[in-house]
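Read through the structure below, which is laid out as structure tokens, and then see the notes.
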Amino acid sequence: MNWGSAAEFFAMGGYALYVWGSFGVCALLMIAEPILVAKRRSNILQSLRRERLAETLDNHE
Amino acid sequence: MSNRLINWFRYASPQSFYPLAGKLIPWFWALAALFGLTGLYIAFFVAPTDFQQGEGYRIIFIHVPAAWMSMFIYLVMAFWAGLGLALNTRLSGMMAQALAPTGALMAFLSLWTGAFWGKPMWGTWWVWDARLTSALILFFLYIGFIALQAAIDDARRADRAGAILALVGVVNVPIIYFSVKWWNTLHQGASVSLTKAPTMAATMLWGMLIMALAFWMYSIAVALMRVRAIILEREAHTEWVKALPEVRGSTS
């Protein structure tokens with residue numbers, strides 16, 4: 001174990017800005033990317049469903 | 001039913017690849033989480049403090065995997081793009097398009113974490129040396145590929161134009177890789193190579209390799225998610241897409 005306390009862990013031996021600046025941005029982007037892709041999927045699915053509904057309504061006339 | 005071999009060409013059509021990708025995605029997410037948590041544990045709690053760089057060296061556990069993936073994804077993207085150009089298969093172009101944003105993300109992360117490592121160790125966020133500059137060009141190649149494809153309305157023409165850009169850009173990948181050998185750079189040489197023993201402690205090396213696996217699994221999972229969305233977008237007019245349960249019913 002490298003760390004005596006949580007504060008020591010977060011201080012990263014004086015490199016906190018650099019270590020957390022790297023890991024933080026990495027985590028942020030890797031969380032954001034799949035969310036954006038899931039949004040893209042739900043957008044196209046929604047428009048496909050609307051199109052299908054429009055077609056069904058047309059066929060009823 | 002005598003032929004027990006899987007016919008891989010069957011999966012070359014978007015219609016059969018779409019459900020296959022859907023089944024694979026949760027497995028790749030599970031592997032990404034497993035390797036990621038193991039790698040982070042090693043990175044912060046097992047790997048010792050570096051005698052020269054103190055705790056600052058821990059950036060290596062994301063910097064090197066991101067840099068490796070940025071180059072590897074580019075090669076895979078160019079492979080798919082080239083295959084699409086040569087064989088005119090529909091899925092290839094979609095694969096290349098799905099990989100580009102994830103590759104760009106990895107290229108950005110390698111530059112970002114590199115800057116955050118360079119500042120405390122070299123005293124500067126950025127220098128125009130061979131390794132850093134060629135890595136920046138890789139990022140621009142991804143952006144160029146995405147922008148070029150977005151600028152062309154016809155998907156198949158966009159695939160072909162993008163493929164040529166991707167293939168020409170492949171020349172940059174060996175330049176990045178060998179830049180630390182060919183030129184005098186501020187960037188250190190390769191820590192891991194196939195020809196000689198690694199120059200780092202075993203726990204550091206293992207942590208880095210496991211993080212690289214995590215990044216790899218993440219990239220596959222997110223690229224498969226994206227290729228499924230692209231398939232739906234491009235095949236929206238087809239009967240098989242209209243017949244999908246997620247389009248017909250209330251389930252998503």
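The values are calculated or read from the model by the stated rules, or taken from the named source; none is laboratory data. From a predicted model like this one, the values you see are computed outputs, not experimental measurements. Counting neighbours? That spans all protein chains shown, and the Cβs are built from the backbone with ideal geometry, glycine included.
Numbers at a glance
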quantity	calculated
From B:Thr133, B:Thr124, residue being outside any helix (DSSP H, G or I), more than 10 Å from chain A (Cβ to nearest Cβ) and without any contact (Cβ under 8 Å) to a residue 60 or more places away in the chain	B:Thr124
Complete set of residues in region B:99-113 that are facing chain A (nearest Cβ under 9 Å) and surrounded by 22 or more Cβ atoms within 10 Å (Cβ to Cβ)	B:Thr102, B:Leu105, B:Leu109, B:Thr113
B:Ile73 being more than 12 Å from the chain's Cα centre (by Cα) and crowded, with 22+ Cβ neighbours inside 10 Å	no
Residue in region A:25-35 that is under 20 Å from B:Lys119 (Cα atoms) and either more than 8 Å from every other protein chain (Cβ to nearest Cβ) or surrounded by 13 or more Cβ atoms within 10 Å (Cβ to Cβ) (or both) present	yes
Criterion (at pLDDT below 95 and buried (at least 18 other Cβ atoms within 10 Å of the Cβ)) met by exactly one of B:Ser179, B:Ser193	B:Ser179
In region B:43-57, the residues that are surrounded by 20 or more Cβ atoms within 10 Å (Cβ to Cβ) and assigned to a helix (DSSP H, G or I)	B:Ala43, B:Glu55, B:Gly56, B:Tyr57
Criterion (within 7 Å of another protein chain (Cβ to nearest Cβ) and surrounded by fewer than 16 Cβ atoms within 10 Å (Cβ to Cβ)) met by exactly one of A:Asn2, A:Asn43	A:Asn2
Residues that are facing chain A (nearest Cβ under 10 Å) and either outside any helix (DSSP H, G or I) or free of Cβ contacts under 8 Å to residues at least 40 places away in the same chain (or both), drawn from region B:58-84	B:Arg58
One residue from B:Phe139, B:Phe116 being closer than 30 Å to A:Gly14 by Cα and part of a helix (DSSP H, G or I)	B:Phe116
Residue within region B:116-139 that is within 23 Å of A:Val37 (Cα to Cα) and either touching a strand residue (DSSP E or B) at 6+ places or on another chain (Cβ under 7 Å) or modelled with pLDDT of 95 or more (or both) present	yes
Those residues of region B:228-252 which are more than 9 Å from chain A (Cβ to nearest Cβ) and surrounded by 22 or more Cβ atoms within 10 Å (Cβ to Cβ), in sequence order	B:Ile231
Filter pass, B:Thr203 being in a helix (DSSP H, G or I), out of contact with any Gly (no Cβ under 8 Å at 6 or more places or on another chain) and modelled with pLDDT under 95	yes
Condition check for B:Pro120: crowded, with 17+ Cβ neighbours inside 10 Å, farther than 26 Å from B:Met217 by Cα and of a type outside the set (A, V, I, L, M)	yes
Qualifying positions in region A:5-24 - of a type outside the set (A, V, I, L, M, F, W, C) and either within 9 Å of another protein chain (Cβ to nearest Cβ) or not in a helix (DSSP H, G or I) (or both)	A:Ser5, A:Gly13, A:Gly14, A:Tyr15, A:Tyr18, A:Gly21, A:Ser22
When residues of region B:136-154 are limited to those that are surrounded by 15 or more Cβ atoms within 10 Å (Cβ to Cβ) and within 14 Å of another protein chain (Cβ to nearest Cβ), the one nearest to B:Met94 (Cα to Cα)	B:Ile146
